[in-house]
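Input: a single structure, listed below in structure tokens.
Where a number appears in this text, it was derived from the coordinates with a stated rule and is not lab data. These numbers come from a predicted model, not from an experiment. FYI the Cβ positions are ideal-geometry reconstructions off the backbone, even for glycines, and counts take in every protein chain you see.
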Amino acid sequence: MGIEQALGVIYGLAIGDALGKPTEFRSLAKIQSEYGPDGIQDLPDPALYTDDTQMSLAIAEALAATGDQDLETIMAAVRDQFITWSHHPDTPSRAPGATCLTGVVSMELGVHWSKSGVPGSKGCGSAMRSAPIGYMYQNDPAKLRAVAHACGICTHGHPTADAASIGAAYLVKLALDGVSPHAMIGELLAFTVGISHEFDLAIERIPTCLDWDDEVKAMEILGQGWIGEEAVALALYCFLRYPNSYEQTVIRGANSEGDSDSIACIAGSISGAYLGSGAIPAKWVREIENSAMLDDLAHRMAATKALL
């Protein structure tokens, strides 16, 4: 699939994020009262993404520039991109998470990335941005693990957030590999084993409700997505319900009570990686903000990956 996979990951996460942005913090009843009984079905106008995509793009820029270099070089680039992001005048309007900002401020003050994270935080901020890692290091699982770990703990120090960061990146790798969707849960748990019992339990809940007709009830069982293990579990659930439809995957994620933009962002990255950019509605690709920039970044990522 080549460039279609890179475009699928980048557009996939950004569009999912933008679709879920208007419904974040809202109850399902409130979403349905505003968008109808089926909830939100189309991108808002304008189609703006949140800090989830901004931080994902920061990591993507760092990886496009550093590729196969050592971890310290990669993390220096990630640190610089995060600092630039934190000072951008547009950032406050994208509702950045306090934990993410705290970690970035610490790095800007000179704290090493391995010590800059908030020790007790297991919010989903580490997982929401790790998709580019799964793309870049698809064929090097050890480096994928190391980079996802480092990119996660620089802001979120809790082991469960670490597992969520590594897990979200690995799901993109599995999708790119064309692994059968129903084999993904086992593959994921085998890769993240021993990091966080909480993460394991969250992922293990998916099969218990995956085949339920009542998707709303199933998602209630999995949580609301504010914390890392729930965000990854919910995103994977959305993908596994609709493995052959990017559109339905992100719509399911966006119509959720809780952190809908992060759920749809992570789910969109998995679906985009699995199906490629051709499965994303062309209308959405045109409408998402900074579409040309996203296209350029995906091409640069693909060019760097080709040299690995």
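Suppose we filter the stretch 275-308 for residues that are part of a helix (DSSP H, G or I), of a type in the set (A, V, I, L, M) and within 19 Å of the chain's Cα centre (by Cα); how many remain?
9
Do you know which of the residues in the stretch 104-131 that are farther than 23 Å from S262 by Cα and among the small types (G, A, S) is surrounded by the most Cβ atoms within 10 Å (Cβ to Cβ)?
Taking the candidates together, the pick is S106.
Residues being more than 18 Å from D52 (Cβ to Cβ) and in contact with a Lys or Arg (Cβ under 9 Å, 6 or more places away or on another chain): count how many of those fall in the stretch 212-236.
Counting residues in the stretch 212-236 that are more than 18 Å from D52 (Cβ to Cβ) and in contact with a Lys or Arg (Cβ under 9 Å, 6 or more places away or on another chain) gives 5.
What number of residues within the stretch 144-158 are over 13 Å from the mean Cα position of the chain (by Cα) and either surrounded by fewer than 23 Cβ atoms within 10 Å (Cβ to Cβ) or under 14 Å from G117 (Cα atoms) (or both)?
Final tally of qualifying residues: 10.
Taking the criterion of being basic (K, R), surrounded by 14 or more Cβ atoms within 10 Å (Cβ to Cβ) and within 16 Å of the chain's Cα centre (by Cα), would at least one residue in the stretch 132-143 satisfy it?
Scanning the stretch 132-143 turns up no residue that is basic (K, R), surrounded by 14 or more Cβ atoms within 10 Å (Cβ to Cβ) and within 16 Å of the chain's Cα centre (by Cα).
Checking the conditions here, which among I40, I83 is surrounded by 22 or more Cβ atoms within 10 Å (Cβ to Cβ) and not small (G, A, S)?
Among I40, I83, only I40 is surrounded by 22 or more Cβ atoms within 10 Å (Cβ to Cβ) and not small (G, A, S).
Outside any loop (DSSP other than H, G, I, E, B), within 23 Å of D45 (Cβ to Cβ) and polar (S, T, N, Q): is that true of S256 in this structure?
no
I'm trying to understand the selection: among the residues of the stretch 189-220, which are buried (at least 19 other Cβ atoms within 10 Å of the Cβ), farther than 20 Å from T160 by Cβ and touching a residue at least 24 places away in the same chain (Cβ under 8 Å)?
none
For the stretch 1-17, how many residues meet the condition of being assigned to a loop (DSSP other than H, G, I, E, B) and either surrounded by 14 or more Cβ atoms within 10 Å (Cβ to Cβ) or out of contact with any helix residue (DSSP H, G or I) (no Cβ under 9 Å at 6 or more places or on another chain) (or both)?
1
So if I check each of P44, P37, which one is over 20 Å from V232 (Cα atoms) and touching a Lys or Arg at 6+ places or on another chain (Cβ under 9 Å)?
After applying the criteria, what remains is P44.
For the stretch 298-308, give me each residue that is surrounded by 18 or more Cβ atoms within 10 Å (Cβ to Cβ) and basic (K, R).
K305
Output the residue which, of all residues in the stretch 160-175 that are closer than 16 Å to G123 by Cβ and without any contact (Cβ under 8 Å) to a residue 40 or more places away in the chain, is surrounded by the most Cβ atoms within 10 Å (Cβ to Cβ).
Among those residues, the one meeting the criterion is I166.
Of all residues in the stretch 271-297, count the ones that are surrounded by 24 or more Cβ atoms within 10 Å (Cβ to Cβ) and more than 13 Å from I15 (Cβ to Cβ).
2
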